[in-house]
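Note sheet for the following structure.
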Amino acid sequence: MPPILQMRSIEKRFPGVHALKGVSLEVSKGEVVALLGENGAGKSTLMKVLGGVHQPDSGEVLIDGAPAVIRGVSDATKYGVAFIHQELNVLDNLDVAANVYLGREPTHGGPLRLLDRGRMEEDTKKHLARLGLDIAPDTPLVRLSIAQQQMVEIAKALSLNARILIMDEPTSSLTLSETERLLEVVKDLREHGVAVIYISHRLGEVKEIADRAVVLRDGANAGELRREEITHDQMVRLMVGRDIDSFYQQPLGEKSPRYFEVETLRTARYPDKQVKFDVGRGEILGLAGLVGAGRSEAAQAIFGVDASVESRLLLDSRPLRIRSPQDAIKYGVYLVPEDRRTAGLIVDMPIRENVTLPALERYAPAGLISFEKEKEGSKEVCQRLNVKAPTVETKAANLSGGNQQKVVLAKWLALEPKVLIFDEPTRGIDVGAKAEIYELMRKLAESGVAIIMISSDMEEVINVSDRVAVMHEGRVTGVLTREETTEENIMRLAVGG
C-alpha cells in the first residue's frame, strides 16, 4: 500500500530566491511527521505547494499513489488536504461558527437556499468540544484572545474531515494546558488514520508527538530521524548544520534587587485584583500563567497602552507617572509586544523607519529628519542584532519572524532601555533565532537592564528566568526562585494554588 502522500523532487523559485531545491517528502496514513527547519528553510513553501497556494516549477505530488493536480486551495480540499496556517486566517468581524464554515456554509429550504445557522452552530459546538474549548459558537471573534482564535482556526480544519492535515506552528500562542489538549487531538487523529504534517519550533512537542522528523535546510532535505532517534540535540544539529552550545545561559554579573517595582497595579480587565512584583537590575523575571491570567494586560498597563484603574510603579525607588507609551519611553520602560506584526511594527515601512520612529527627534537636529542619520543609526543597531536583510530599506513585512522580532528590539536598543518587557519573545521563530534572542536578553541583563519575560513556553520560562512570578486571574499567586522553578510548581500557582 503506497503512502497517502508523496512529494517528489519539488522545485520552486521566486525572484532572487531558490526556495525549494528538489525536496521530497512522504507521509503514510495515520502517521505524524514533523517537518523541521529554520525560518527560510522551505517548510512553509513546501506546504503551500501541497495546499495549492503555490505551483511547483517541477516535481510531482502523488496522493494514494496517483499523480495529483493541485492548482488551487479548492483542489487541495477535494484531495482531503487541510492547512492550519501559522498566521491566523480568521475574520474578526464574524462569529466563531461563521469562521469555521466560511465559504462552505450549509443551507436549507427551497430555491432561495437560506443559511442553516442551526446546523452551523451545532457542528461548531462539536469541534470546539473536541478541542476542550468552552466558547459559544455565536461569540464574535473580536472578543477572543489570540490563543482562542488559534483554536478556532484548528476547529475549522477539523470540520473539513481532512485526510492530510498540515499544522504550521499550531501551538505558538497556546498555553501548556491548551497545548496538551491539542497534542491529544493529534494523537486521536492519528488513531483515525489521518496523516498529520506537524511544523513546530517547540522541539519538546516534536519529541512527544512525531513518528518521524524530516528536516529541511536552505531549501533542501537535510536528513530524517526515526522516532527513537528524535532528540533535541539531533534535531538542532540537522536544522542548523552545527551544534548550538549553551542554548540557555544565565546572565552573569551583579543584580540590584527591587530596581523596578510594581507596588500596585489594577487593570481594567481585573479591576478588583492587584498585581504586585519586582524585578532587579540585571535580572530576567519570567511571568508565567495560563491564557486569561492577565499577564499581557499588566504589561500593556505598565507601558501605558491601556489605562489602569490604579497604578503605583517605582524605578530605582523613584515613582513613575505613566499615562501613555510616550511617558513610558521617557522613563526608559519599553514593551516588545506579543503580536509583533500588528502592535510592534509598521510592516509596510522599511526597517530604517521602524527603528527610528520612537525617537525621530534624535535624527532631526534642525527640525528636519536627516535620512543619512536615520540610515546610519538603524544600520548600526541592526548589525549589533544580526538582523538578516539586504538593506535597512527592506520592508519589515518581508522579514522572517525572528528578524521582525529583532527589528522591534532594535528600536528600543537605540534608546538605551532601563526596563524591557518581552511578551512571548520567541513565538513562531526558529531554533537558531531563539538562541540569538536568548543571547541578546542575557547581554541586556548583564548590561544592567531589568527584563520581564512573559512566555507560554514552559521550557523557556524554566531555563531563561532568574525568578518566575506566576499569575492567576489578575494577580500574582507566587514568585519562585530559580531552585524552586519546576513545571509542577508553576502549574500549581497558575491554577490559583
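Spin-label model, residue 21/residue 89: points 7 Å from Cα along the beta carbon direction are separated by 2.9 nm. For the chain, the relative contact order comes to 15 percent (Cα pairs under 8 Å, sequence separation of at least 6). The charge dipole of region 13-56, taken about its Cα centre with unit charges on the Cβ atoms of Lys, Arg (+1), Asp and Glu (-1) only, comes to about 160 debye. Under 15 Å from a point 7 Å along the Cα-to-Cβ line of residue 305: which residues of region 343-381 have their amide N that close? The answer is 343-347, whose backbone nitrogens lie closer than 15 Å to the label point.
Kindly rank 206-212, 316-322 from highest to lowest mean number of other beta carbons found within 10 Å of each residue. Each step should come with its number before you reach the end.
Details: 206-212: 19.0, 316-322: 12.6.
Listed from highest to lowest mean packing, they are 206-212, 316-322.
Averaging 1/r over every pair of different alpha carbons in region 256-310 and inverting the result gives a Kirkwood radius of 11.8 Å. For a straight C-alpha distance cut-off of 24 angstrom, the lysines reachable from residue 156 (same-chain residues fewer than eight places away being disregarded) are 29, 43, 48, 78, 125, 126, 187. Note on residue 379 and residue 416: the model spin-label points, each 7 Å out from Cα along the C-beta direction, lie 2.4 nm apart.
Under 5 Å between amide hydrogens, built in the peptide plane, is the criterion, and for residue 220 it picks out 21 among residues at least 5 positions away or on other chains. Applying 1/(1 + (r/R0)^6) with R0 = 35 Å to the Cβ-Cβ distance of residue 339 and residue 1, what FRET efficiency is obtained, to the nearest 0.05? E between residue 339 and residue 1, to the nearest 0.05, is 0.20. Positive-end ranking of 432, 302, 370 along the dipole of region 256-494, with charges on Cβ about the Cα centre, is headed by 370.
On full extension of the chain, what length is gained from residue 250 through residue 231, given 0.36 nm per residue of separation minus the C-alpha to C-alpha distance? Working shown, then result.
Numbers: separation 19, 0.36 × 19 = 6.84 nm, distance 2.29 nm.
Fully extending the segment from residue 250 to residue 231 adds 4.5 nm.
Subtracting the Cα-Cα distance of residue 134 and residue 180 from their residue separation scaled by 0.36 nm leaves 15.0 nm.
Restriction of the trypsin sites (Lys or Arg not before Pro) in region 229-315 to DSSP coil positions whose beta-carbon has at most 15 other beta-carbons within 10 angstrom yields 242, 276.
Size of the chain: Rg and Dmax of its alpha carbons, in Å, are 23.6, 76. As a proxy for reagent exposure, ranking 260, 14 by other Cβ atoms within 10 Å from fewest up yields 14, 260.
Site pair residue 443 and residue 60 shows an inter-label distance of 5.0 nm when each label is modelled 7 Å from Cα along Cα→Cβ. Between amide H atoms placed 1.01 Å from N, distances below 5 Å from residue 288 occur with 469, 470, 471, all of them 5 or more places distant or on a separate chain.
Each Cα pair under 8 Å and six or more residues apart adds its sequence gap; the mean of these over the residue count of region 358-440 is a relative contact order of 26 percent.
According to the square roots a ≥ b ≥ c of the eigenvalues of the Cα gyration tensor, what is the shape class of region 5-240, taking rounded for a/c under 1.5, prolate for a/b larger than b/c otherwise, and oblate for the remainder? Walk me through the numbers before you get to the answer.
Working: a/c = 1.95, a/b = 1.45, b/c = 1.35.
The shape class here is prolate.
Relative to the longest principal axis of the Cα atoms of the chain, the long axis of helix 146-159 makes an angle of roughly 0 degrees.
Here's the picture: charge each Lys and Arg Cβ at +1 and each Asp and Glu Cβ at -1 in the chain, and of 177, 160, 398 the one pushed furthest to the positive end of that dipole is 398.
Which whole number of Å³ per residue matches the convex hull of the alpha-carbon atoms in region 256-494?
Values: hull volume 28.2 nm³, N = 239.
Each residue corresponds to 118 Å³ of Cα convex hull volume.
This model, with +1 at the C-beta of Lys and Arg and -1 at the C-beta of Asp and Glu, gives region 310-381 a dipole about its Cα centre of some 200 debye. With a Cα cut-off of under 18 Å and a minimum spacing of 8 residues unless on different chains, the lysine pairs in region 337-468 number 20.
Between residue 263 and residue 316, what length comes free when the chain is fully extended (0.36 nm per residue of separation minus the Cα-Cα distance, one decimal in nm)?
Working: separation 53, 0.36 × 53 = 19.08 nm, distance 1.26 nm.
Length gained, residue 263 through residue 316: 17.8 nm.
Candidates 326, 66, 469 compared by Cα position along the dipole of the chain: farthest toward the positive end lies 326, with charges placed on Cβ.
Using per-residue counts of other Cβ atoms within 10 Å, averaged over each peptide, order 410-420, 427-437 from highest down.
So the peptides 410-420, 427-437, ranked by packing, come out 427-437, 410-420.
For the chain, the longest principal axis of the Cα atoms and the long axis of helix 371-384 meet at an angle of about 80 degrees. Evaluated with a Cβ-only charge set (Lys, Arg +1; Asp, Glu -1), the chain carries a dipole of roughly 740 debye about its Cα centre, given to the nearest 20.
The angle between the Cα long axis of helix 117-130 and the main principal axis of the chain comes to about 70°, on a 0 to 90 degree scale. Karplus-derived 3J(HN,Hα) values for region 200-208, using 6.51 cos²θ - 1.76 cosθ + 1.60 with θ = phi - 60°, are 7, 8, 8, 5, x, 5, 4, 4, 6 Hz; glycine and proline are entered as x.
Here, each number is a calculation from the coordinates, and none is a lab measurement. All values derive from a computational prediction rather than experimental measurement. Glycine also receives a Cβ, built like all others from the backbone with ideal geometry; neighbour counts cover every protein chain displayed.
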